[in-house]
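Below: one structure, written as C-alpha cells.
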Amino acid sequence: MTAFTPEQEKVIHLPLCHAFVEGPAGSGKTTAAVARLETLLKSGVAGDSIFIMVPQRTLGIPYYRALYQFQGNGSEVTISTFSGLAQRMVDLFWPLIAREAGFAHPEQPPVFLTLENAQYYMASLVRPLLEQGFFQTVKLERARLYSQILDNLNKAALAGFPHTEIGERLKSAWSGAPEHLRVYDDVQYCASTFREYCLQHNLLDFSLQIEVFSRHLWKTLLCREYLIASYRHWIIDNIEEDIPLAHDFLLEILPQSDSALVLMDTESGYRLFLGADPSSAVRVASVCDTFVRFENFSAVPLAMQNFAHSLGAAVGHEDARRHAAKVSSMDFREVIELPERSLRFFPQMLDWTVEKVASLVEQGVPPGEITILAPILSDALRFSLVDRLERLNIPYRTHRPSRALRDEPAAQCLLTLARIAHPQWEMMPEKPDLQKALLMAIEDLDWVRSHLLVEVCYRKQNGKMTLLPFENIKFEMRERVSHRIAERYQTLYQWLQAYAEHPVEELDFFFSRLFDEVLSRPGFGFHTRIDAAQVTANLIESVQKFRRAVQHRIGDSPLGREYLLLVQEGVISALYLMNWQPFEQNAVFIAPAYTFLINNYVVDYQFWLDIGAKSWYERIYQPLTHPVVLSRRWEPGRIWTTQDELVLNHNTLYLLVLGLLRRCRKKVFLAYSDLNEAGFEQRGLLLRSMYRTLLSGGQRG
C-alpha cells in the first residue's frame, strides 16, 4: 500500500470543493491527484462526469494507468488537452458555427489537419511564392520555413489575437536590419493565404480549431450548457504549461462545476515556445476556495535541492539567490561528479560518459535508472553514444520528438523502396540512398557488399535509373556478395517488380504489404527489430492521416508522390503517444533535455553532455517567428532588445536545470570538453555558472 505525505492525504480526502495545489515538480502532486481520482470514483462519482485536462497528452499517462487498474462503474473518464477538447466540440457542433466562422461550405463536414497535413497545404501554397522571390534573404530549410509560418498562426490563436496582426507585431519588435522587415510581410501574406484556403475548403489546422472554439463556439449557449452538464468534476494537471486561452476557459467553467483540483508546478514553464504562460495560470487560483502547498521532496536529496538553488544563483536568478542564501551546506560532491581531469576533445567526453554508465551498471544500477541528456541530440551524437553502448552490451533507447520521418533509418528504407516500386513517379533514388536502404532491408549485409550490389544492380537504362535482377551478374561478383545475400536481394527485387506491375494507389498499403510480406520475415532487416516495426507503424499512420485529410489537392500529382515530396522536404512527423510512453524495458534513456522533462519522470542518475554549449539556453534560430513577441504577455509595439534576450536566456537555463535536478534521486554527472563537436572552444553560461557554484563551495572543479 502506498504511503502518502500529510499534504497528499489532505488532497486525496478533500470534500467536493475547488482546490488549487501548487508546489515544486517532484513533490507528489500528480500522485495525490491520481489517488484523488480513485477516491471520487469509489465514492460513486460517475466516470463520464470527470474531465482531466493536461497540456500534453503524455502527461495524462499516470491517469490512464490508474484507470486501467481501477475496477470502477464502467463509465469512462475523459482525459484530454484543451486543444483536444476544442476539436471535439467543433466536430460536435459544426453546423452551429461553421457559417459564422467564415467557412465557405458549412453544409459539408470539417476536415481536421494533422501537423503533417497542414504543412502539405502550406508547402503547396508557398512553393510558387518562393519561385516569385518570397523569403529571398532567409536561408532556411523549406520544412522549417513552412513550420514557422504555421507556428505563427498557432501563437496568434493561443494568445488570442487576430492572425492578421502577426506581421505587424513581429515588425514592431524588430531592432535589426531594415531589410528583414520585408520577410515579416512575406510571413503575413503566406499566413493569410493559408487561412483563406482553409476557410474555402473546410480545413481546420490547429490554430483554426482553437480560434473557432474560443471565438465562436464557446460563446454559444448550447456548447456551454453541454460542457457544464457533461463534466461536473475537473482535474487540471500542470496548468503552468498550458496556454492563456485554456486558463480563460477554466476561469469561466470551473465556478459552475461541483469540484475542481488544479495542480501547478512552481518555477516551471518549459513549454514557453509552445505558448505556455505560468503567470496566466496563476489567475485560475481566483476561482478556487481551498489552497494546498506541497514542499516535500521525498525523491530528491537535500544536497541536490541545495545544489539546484546554488547553481540557479550562479546563473543570476533572483529567486534562486534567496534560496541559496539559506543553504547550510555547500558540499555537493555526493550529488554531482565531473571528469577527474580536463578532457580536450569531444570523443573523450563521450568515452568518459559511457565508462561511467558502464561502471554504474556493473555496480548493479538498472540501466532504466540512467539517462543521458544533451541540449540537442544530433544524428552524429546519437550514433556515437549508441555505438559505444552497443559495444558494451548496455541496453538503450532514444527519443527525439522533432526528428523528421526521413531521418529514421527504417523510414528511409521504406521511402526509398517506395520510389523504386513507383518508377512512374520519376523519383528514383540516388545510389547512396539505395545503398542505405539495402543495408537496412537485408540482414547481415555490410557496407562493402551493399556498395557492390548497388553498383551492379542499379543502372541507367533508356535514360532512367533501373533496378536489375541479380541472376545476370557475373560469377565473380556473385561470389563476392555471397549466395545468401544474393538470394535475399533477389527475393526483395522480385517482390518490388511484381508490385510495380499492379501498384495500388494508397501508399500506406504498399508499406504494410512490404513490411508483412518481405521485411519482417527471417533474413530481412526488420525481422527482430521492434524499433523498426514501430517506425513502420508510425509511417503507415502518417500516410493514412495524410490521405484522409488531403481531400482538396493542389495540382493533379498522385497522392503518394505528394507525400514522398513532403517527407523529402523534412516535414516533422506528428507526435505519436506510443513513442512517449515510458518503456517497460530496462534501458538507458538518451534524449534532449527538454524531452526528458516533458516525459516527467524521475531517475537515479543523469548525465548532462557538453555543458559548455550555448544551446542549453539559447533559442534555436527562428527568423520568421518569435515565442515571446507573439505571446499575450508581450506589449505590442515594444522593441525586443539584447537585454530581453539575455534575461530570457538566463531564465530558460535556470528553469531547465532546476527541472532536471528535481527529477534526479542520486547523482548528476557533468560532462564537458574543451572543444565541441566542430572543434571550437566553448564556455557557455551553464559551464561558467557551474564553476562559480563549485568555487563558492570550496570544491575543486
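Please treat every number below as a calculation from the coordinates, not as lab data. All values reported here derive from a predicted model rather than from experimental measurement. Reconstructed Cβ throughout: ideal geometry from the backbone, glycine too, with neighbour counts over all protein chains shown.
Short version: ³J(HN,Hα) in whole Hz for each residue of segment 481-495, in order, from phi by Karplus 6.51 cos²θ - 1.76 cosθ + 1.60 (θ = phi - 60°), x for Gly and Pro, what are they?
6, 5, 5, 4, 5, 4, 5, 5, 4, 5, 4, 5, 4, 5, 5
Under a plain spin-label model, where a point goes 7 Å from the Cα along Cα-to-Cβ, how far apart in nm are GLU76 and GLU505?
3.1
Arrange the peptides 349-359, 637-647 so that the one whose residues have, on average, the most other Cβ atoms within 10 Å appears first.
Descending mean neighbour count gives 349-359, 637-647.
Give the distance, in whole Å, between the Cα centre of segment 52-112 and the Cα centre of segment 194-260.
Rounded to whole Å, the Cα centres lie 10 Å apart.
So, in Å, what gap is there between the alpha-carbon centers of segment 426-443 and segment 266-285?
Taking the Cα centre of segment 266-285 as reference, the centre of segment 426-443 is 46 Å away.
Would you mind checking segment 622-648 for residues with the amide N under 19 Å from a putative spin-label position 7 Å along Cα→C-beta of GLU165?
625-640
Please state the shape class of segment 407-474: rounded when a/c is under 1.5, otherwise prolate if a/b exceeds b/c and oblate if not, all from the C-alpha gyration tensor.
It comes out oblate by the Cα gyration axes.
Sticking with the crude label model, points 7 Å out along Cα→Cβ, report the distance from ASP444 to VAL365 in nm, one decimal please.
A separation of 3.9 nm, rounded to one decimal place.
Is segment 111-207 rounded, prolate or oblate when judged by the Cα gyration tensor, a ≥ b ≥ c being the square roots of its eigenvalues, rounded requiring a/c under 1.5 and prolate requiring a/b larger than b/c?
Judged from the Cα gyration tensor, segment 111-207 comes out oblate (a/c at least 1.5, b/c at or above a/b).
Report the full-extension gain for the segment GLU541 to GLU100: residue separation times 0.36 nm, less the Cα-Cα distance, to one decimal in nm.
155.4 nm
Can you work out the Karplus-derived ³J(HN,Hα) for every residue in segment 75-87? Use 6.51 cos²θ - 1.76 cosθ + 1.60 with θ = phi - 60°, whole Hz, and x for glycine or proline.
Karplus values, whole Hz, x for Gly and Pro: 7, 9, 6, 8, 10, 7, 8, 4, 5, x, 4, 4, 5.
What does the charge count near LEU685 come to, summing +1 for each Lys or Arg and -1 for each Asp or Glu among other residues with Cβ under 11 Å from its Cβ?
After counting each charged neighbour, the total is +3.
Remind me, relative contact order of the chain in percent, using alpha carbon pairs under 8 angstrom and six or more residues apart?
22
Per 0.36 nm of contour for each residue apart, how much would the distance between GLN622 and ALA533 grow if the chain were fully extended, relative to their Cα-Cα spacing?
Fully extending the segment from GLN622 to ALA533 adds 28.7 nm.
Label segment 142-291 by shape, choosing from rounded, prolate and oblate, from the square roots a ≥ b ≥ c of the eigenvalues of the Cα gyration tensor; if a/c is under 1.5 it is rounded, and otherwise prolate applies when a/b is larger than b/c, oblate when it is not.
It is oblate, given that a/c is not under 1.5 and a/b is not larger than b/c.
Set the Förster radius R0 to 22 Å, insert the Cβ-Cβ distance between HIS180 and GLU131 as r into 1/(1 + (r/R0)^6), and round the FRET efficiency to 0.05.
0.55
Would you mind calculating the gained length between ARG344 and ILE639 on full extension (0.36 nm times residue separation, minus the Cα-Cα distance), in nm to one decimal?
102.1 nm
Students often check this: by mean Cβ neighbours within 10 Å, which of 42-52, 145-155, 176-186, 118-128 ranks highest, and how do the rest follow?
Order by mean packing, descending: 145-155, 118-128, 42-52, 176-186.
Along the charge dipole of the chain, pointing to its positive end and built from +1/-1 on Cβ of Lys, Arg, Asp and Glu, which listed residue (TRP616, HIS247, HIS483) has its Cα farthest out?
TRP616
Grab the beta carbon distance between THR266 and SER378, set R0 = 30 Å, and tell me the FRET efficiency rounded to 0.05.
Efficiency computed from Cβ-Cβ geometry: 0.35.
Set the Förster distance to 35 Å, then compute FRET efficiency between GLU225 and LEU199 from the Cβ-Cβ distance, nearest 0.05.
The value I calculate is 0.80.
Treating only the Cβ atoms of Lys and Arg (+1) and Asp and Glu (-1) as charged, compute the dipole magnitude of the chain about its Cα centre; round to the nearest 20 debye.
In total the dipole reaches around 760 debye.
Lys and Arg at +1, Asp and Glu at -1: add these up for the other residues within a Cβ distance under 14 Å of ALA191 and post the number.
In short, -4.
Give me the net charge for the shell around VAL602: Cβ to Cβ below 12 angstrom, other residues only, Lys and Arg +1, Asp and Glu -1.
Taking every other residue near VAL602 into account, the sum is +2.
Tell me, what ³J(HN,Hα) does each residue in segment 631-644 have, in order and in whole Hz, if you take phi through Karplus 6.51 cos²θ - 1.76 cosθ + 1.60 with θ = phi - 60° and put x for Gly and Pro?
10, 5, 7, 8, 6, x, x, 7, 7, 7, 10, 4, 5, 4
Once amide H atoms are built 1.01 Å from N in the peptide plane, which residues 5 or more positions from ILE79, or in another chain, come under 5 Å H to H?
Hits under the 5 Å cutoff: ILE52.
Can you order the peptides 56-66, 368-378 by their average number of other Cβ atoms within 10 Å per residue, highest first?
Result, highest mean first: 368-378, 56-66.
With each label point set 7 Å from Cα along the Cα-Cβ vector, what nm distance links LYS139 and GLN256?
Result for the modelled spin labels: 5.5 nm.
Taking the DSSP beta bridges in the chain as the whole, what percent of them are antiparallel, to the nearest 5?
If I count the DSSP bridges inside the chain, around 15 percent turn out antiparallel.
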